[in-house]
Amino acid sequence: MTFINYASREINCKIVYYGPGLCGKTTNLQYIFDSTAPQSRGKMISLATETDRTLFFDFMPLELGNVRGFKTRFHLYTVPGQVFYDASRKLILKGVDGVVFVADSQEERMDANIESLYNLEENLRSQGYDLMKLPYALQLNKRDLPQIVSSADMAAELQRKGEPVVEAVASTGVGVFDTLKAVAKQVLTELRKS
Amino acid sequence: MADSPIVMREQEYHQIKAVLARLRLDASARVVFLVDKDGQQIATHGDVAGLDTTSLASLAAGNVAATGGMAELIGEKEFPTLSHEGEHESIHISVVGRLLLVVVFDEHSSLGLVKLRSKQVSQQLASIFAEVARSSEDGQTNEDLPFGEITDEDIESLFS
């Protein structure tokens, strides 16, 4: 949940990148980390297996600047995508303010996208959240690969509520900040309402 | 929708800082900090130079969440304290309601002392934070928050 500290004049929000295994969640964070000035971000923590698969989560704090005199800091998390790490995924969703679903555009990964999206909805429900009411963006990643599903078909299958859909190639940074911006804007808009 | 924001006022922040300062002294600890279960750092006190407290807060919350998950699997509600003892530096974490009290200490202290002192201040921290949560929930603290006036331009400027 958003945490507002008057004494230090800070707003802290939590954004979680969700999606099937190897869809590029960690690559999104890595790109943000690599292309942000060191004074605007903290360390990137990756709890990964020896083969660099996310085991528990990746984490990086990112400071975007001031809003009405308050420092705005986003805590970015990824979940482990592999199916059997479901218990970890649930834990990471606790206190979430916004979600990015990273979908893999390759034809053979469409089933994995659908399964992961259902899993997201279910895990959010188990933590008392409703995807339909949460700040949310859909990223169609790996648009540079051959044999990909068209964006229109992917949106038809995966879009839930008219959320922003961003085409991306996370490895080169295409669409990475647009995605973050799309969800961060919604989080701040929610803050305005509250 | 996301949970309502938690808003901490200066007064409560300074009360918490005072409790942490006393705990640090009484427990002969290096650093003491308070984190919420979602990994947000609330307040710190002590020798934080060179210490990445934001990452530590996030990992402490992940640690407690993971062991809490294990507790449930074996039929326990939670494990209320966690300790990690290193060669020189150690960490003690206690769960205080929705908060985690994290104490980093070295050879100048002992696990027994840290546990005892942490327990002694838990109730006090819990009641201060209960007040923070209560006033955040009923909107008492939100009346003069400037966020209602956030414009689309303000948001846009963060990304320019």
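The values are calculated or read from the model by the stated rules, or taken from the named source; none is laboratory data. The structure displayed is predicted, hence computed values, not measured ones. Using ideal geometry, Cβ is built from the backbone for each residue, glycine included, and neighbour counts are taken over all protein chains shown.
So is B:Ser136 more than 14 Å from chain A (Cβ to nearest Cβ) and either surrounded by 15 or more Cβ atoms within 10 Å (Cβ to Cβ) or more than 17 Å from B:Lys17 (Cα to Cα) (or both) or not? No. Confirm whether B:Glu149 is over 23 Å from B:Asp36 (Cβ atoms), surrounded by fewer than 18 Cβ atoms within 10 Å (Cβ to Cβ) and charged (D, E, K, R). Yes, satisfied.
Determine whether the stretch A:40-50 contains at least one residue that is within 29 Å of B:Phe147 (Cα to Cα) and part of a strand (DSSP E or B). Yes; the residues of the stretch A:40-50 include at least one that is within 29 Å of B:Phe147 (Cα to Cα) and part of a strand (DSSP E or B). Taking the stretch B:37-79 as the range and being facing another protein chain (nearest Cβ under 8 Å) and acidic (Asp, Glu) as the test, the residues that pass are B:Asp38, B:Asp52.
Go through the residues of the stretch A:144-157 one by one and say whether even a single one is part of a loop (DSSP other than H, G, I, E, B), within 14 Å of another protein chain (Cβ to nearest Cβ) and either of a type in the set (Phe, Trp, Tyr) or surrounded by 13 or more Cβ atoms within 10 Å (Cβ to Cβ) (or both). Scanning the stretch A:144-157 turns up no residue that is part of a loop (DSSP other than H, G, I, E, B), within 14 Å of another protein chain (Cβ to nearest Cβ) and either of a type in the set (Phe, Trp, Tyr) or surrounded by 13 or more Cβ atoms within 10 Å (Cβ to Cβ) (or both).
Among the residues of the stretch A:1-31, just one is buried (at least 20 other Cβ atoms within 10 Å of the Cβ), within 13 Å of chain B (Cβ to nearest Cβ) and aromatic (Phe, Trp, Tyr), namely A:Phe3. Across the stretch A:54-80, the qualifying residues are those that are modelled with pLDDT under 90 and outside any strand (DSSP E or B), and the one among them that is surrounded by the most Cβ atoms within 10 Å (Cβ to Cβ) is A:Arg68.
Residue by residue, here is whether (1) without any contact (Cβ under 8 Å) to a residue 40 or more places away in the chain; (2) under 27 Å from B:Ala60 (Cβ atoms); (3) of a type in the set (Gly, Ala, Ser) holds:
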residue: A:Thr26; (1), (2), (3): no, yes, no
residue: A:Ile32; (1), (2), (3): no, yes, no
residue: A:Glu50; (1), (2), (3): yes, yes, no
residue: A:Phe56; (1), (2), (3): yes, yes, no
residue: A:Glu63; (1), (2), (3): yes, yes, no
residue: A:Arg68; (1), (2), (3): yes, no, no
residue: A:Ile92; (1), (2), (3): no, yes, no
residue: A:Asp111; (1), (2), (3): yes, no, no
residue: A:Pro135; (1), (2), (3): no, yes, no
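Tally the residues that are among the hydrophobic types (A, V, I, L, M, F, W, C) and in contact with a His (Cβ under 7 Å, 6 or more places away or on another chain), restricting the search to the stretch B:60-94. Steps first, please.
First, the residues of the stretch B:60-94 that are among the hydrophobic types (A, V, I, L, M, F, W, C): B:60-61, B:64-66, B:70-71, B:73-74, B:79, B:82, B:91, B:93.
After this cut, where a residue has to be in contact with a His (Cβ under 7 Å, 6 or more places away or on another chain) as well, the list is B:91.
Total satisfying the criteria: 1.
Just to be sure before I move on: is B:Ser94 small (Gly, Ala, Ser), within 18 Å of B:Leu116 (Cβ to Cβ) and not in a loop (DSSP other than H, G, I, E, B) in the structure I sent? So B:Ser94 passes the test.
Among residues of the stretch A:94-124 being surrounded by fewer than 18 Cβ atoms within 10 Å (Cβ to Cβ) and touching a Leu at 6+ places or on another chain (Cβ under 8 Å), the one that is farthest from the other protein chains (Cβ to nearest Cβ) is A:Ile114.
For the stretch B:1-36, the set of residues classified as of a type in the set (Lys, Arg) and more than 7 Å from chain A (Cβ to nearest Cβ) consists of B:Lys17, B:Arg22, B:Arg24, B:Arg30, listed by residue number. Regarding B:Gly75, is this residue surrounded by 12 or more Cβ atoms within 10 Å (Cβ to Cβ) and either in contact with a Lys or Arg (Cβ under 9 Å, 6 or more places away or on another chain) or assigned to a loop (DSSP other than H, G, I, E, B) (or both)? Taking the combined requirement at face value, the residue does not satisfy it. Restricting attention to the stretch B:1-41, which residues are buried (at least 17 other Cβ atoms within 10 Å of the Cβ), assigned to a loop (DSSP other than H, G, I, E, B) and touching a strand residue (DSSP E or B) at 6+ places or on another chain (Cβ under 8 Å)? The answer is B:Ala2, B:Pro5, B:Ala27, B:Ala29, B:Arg30, B:Lys37, B:Asp38, B:Gly39, B:Gln40.
Would you be able to tell me the number of residues in the stretch B:21-43 that are over 18 Å from B:Ala133 (Cβ atoms) and either aliphatic (A, V, I, L, M) or in contact with a Leu (Cβ under 9 Å, 6 or more places away or on another chain) (or both)?
Applying the first criterion (over 18 Å from B:Ala133 (Cβ atoms)) to the stretch B:21-43 yields B:21-33.
Going one step further and asking which of them are either aliphatic (A, V, I, L, M) or in contact with a Leu (Cβ under 9 Å, 6 or more places away or on another chain) (or both), we end up with B:21, B:23, B:25-33.
Residues meeting the conditions: 11.
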